Amino acid sequence: MLRVRVAAVVAAGGLLAVALGIRALSGRAVVDSSGALSQYSGTALYAAMMYAGVFVLAPKARPLGAATAAITFCWAIELFQLTGLPAELSSHSWLARLALGVAFDPADLLWYVVGVVPLAAIHQLAVVRSRA
């Protein structure tokens, strides 16, 4: 159990580092002048971090259940942005901005799935192979 939780925390930290690195590099016009790389990769990596986070809370979770929980959580946060409260909180805190975002973007609903499904598929394949 502890090993799974530690691995999940390390994975989430690595995903956060990648997301912040992309954001830092995308500020340079040579890498991504439109900001799309930073926006969409950040959204997908946020969802991937949530997938890892499920295993911190529930280390025995199965891939499909973890994927469902992560995507549902991300969609809930995205829909919460429609209230305007995340934008208000984000104006006062960089951490709130990272966790809650600012404005609803319907494209993000798809990018959350893009961030989770490949991880869940790889995880499921690993589970099947370990049983064989």
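The values are calculated or read from the model by the stated rules, or taken from the named source; none is laboratory data. All values reported here derive from a predicted model rather than from experimental measurement. Neighbour counts are summed over all protein chains in view; Cβ atoms, including those assigned to glycine, are modelled from backbone coordinates with ideal geometry.
Points worth noting:
- Residues in the stretch 56-68 that are out of contact with any Leu (no Cβ under 9 Å at 6 or more places or on another chain) and either closer than 21 Å to Gly42 by Cβ or not in a loop (DSSP other than H, G, I, E, B) (or both): 5 in all.
- Being surrounded by 15 or more Cβ atoms within 10 Å (Cβ to Cβ) and under 25 Å from Arg3 (Cβ atoms) is a condition met by no residue of the stretch 90-99.
- Residue match in the stretch 66-77 (condition: over 15 Å from Leu119 (Cα atoms), among the hydrophobic types (A, V, I, L, M, F, W, C) and modelled with pLDDT under 95): no
- Residues in the stretch 55-70 that are without any contact (Cβ under 8 Å) to a residue 40 or more places away in the chain and crowded, with 18+ Cβ neighbours inside 10 Å: Ala61, Ala69.
- Just one residue in the set Phe73, Phe80 is over 20 Å from Leu15 (Cβ atoms) and either in a helix (DSSP H, G or I) or in contact (Cβ under 8 Å) with a residue 12 or more places away in the chain (or both); that residue is Phe80.
- Test: Leu25 is surrounded by 14 or more Cβ atoms within 10 Å (Cβ to Cβ) and in contact with a helix residue (DSSP H, G or I) (Cβ under 6 Å, 6 or more places away or on another chain): no
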